[in-house]
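The values are calculated or read from the model by the stated rules, or taken from the named source; none is laboratory data. The structure presented is a predicted model; accordingly, all values stated were derived computationally and were not measured. Cβ coordinates were reconstructed from backbone atoms using ideal geometry, including for glycine residues, and neighbour counts include every protein chain displayed. With ligands, DNA and RNA removed, areas are computed over all heavy atoms of the protein, side chains included. Shrake-Rupley method; radii C 1.70, N 1.55, O 1.52, S 1.80 Å.
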Amino acid sequence: MSINFTDLFNQLRDQIIKLAKDNFKKLAAEAASDGTTLLHQLEDNLKKYSQQLVDGDITKDDFKLLLLGNEDLIKMTALTQAGLLKAKADAFKKSVFDAIINTVFALI
């Protein structure tokens, strides 16, 4: 089995934009920007880890740990520059990571 990464990224991008609109009415554009930037920063690792998961080289727990290992390295720049509290920006970042993980797991 293989994953169509173009479809996966398009699906994730759409989910991130919806999350941004649902969570931040006035800052939806900034949230969407930060979320899609996060997705692009994770792109190479996400492809690698997803394929390893599909191939059975890693478990779902391994996948989650590997992906979440990047969480502290990624900043929600547009949201924090727009004046949003860091805690709310971090909560949004967590919801983006959760969406990524849940979407990949649903494909497997």
So in the stretch 52-61, with the set limited to residues that are assigned to a loop (DSSP other than H, G, I, E, B) and open to solvent by 30 Å² or more (accessible area, probe 1.4 Å), which one is nearest to Asp34 (Cα to Cα)? Thr59
Restricting attention to the stretch 8-50, and to residues there that are open to solvent by 50 Å² or more (accessible area, probe 1.4 Å) and assigned to a loop (DSSP other than H, G, I, E, B), which single residue is nearest to Phe97 (Cα to Cα)? Lys25
Which one of Phe63, Phe5 is of a type in the set (A, V, I, L, M, F, W, C), over 17 Å from Lys94 (Cα atoms) and in contact (Cβ under 8 Å) with a residue 24 or more places away in the chain? Phe5
Looking only at the stretch 85-108, how many residues end up being acidic (Asp, Glu) and modelled with pLDDT under 90? 1
Pick from the stretch 62-96 the residues that are open to solvent by 80 Å² or more (accessible area, probe 1.4 Å) and not in a helix (DSSP H, G or I): which of them is farthest from Leu42 (Cα to Cα)? Leu85
Cβ-Cβ below 7 Å, separation at least six or inter-chain, first residue in the stretch 14-30 and of a type in the set (Asp, Glu), second in a loop (DSSP other than H, G, I, E, B): which pairs? Glu30/Ala82
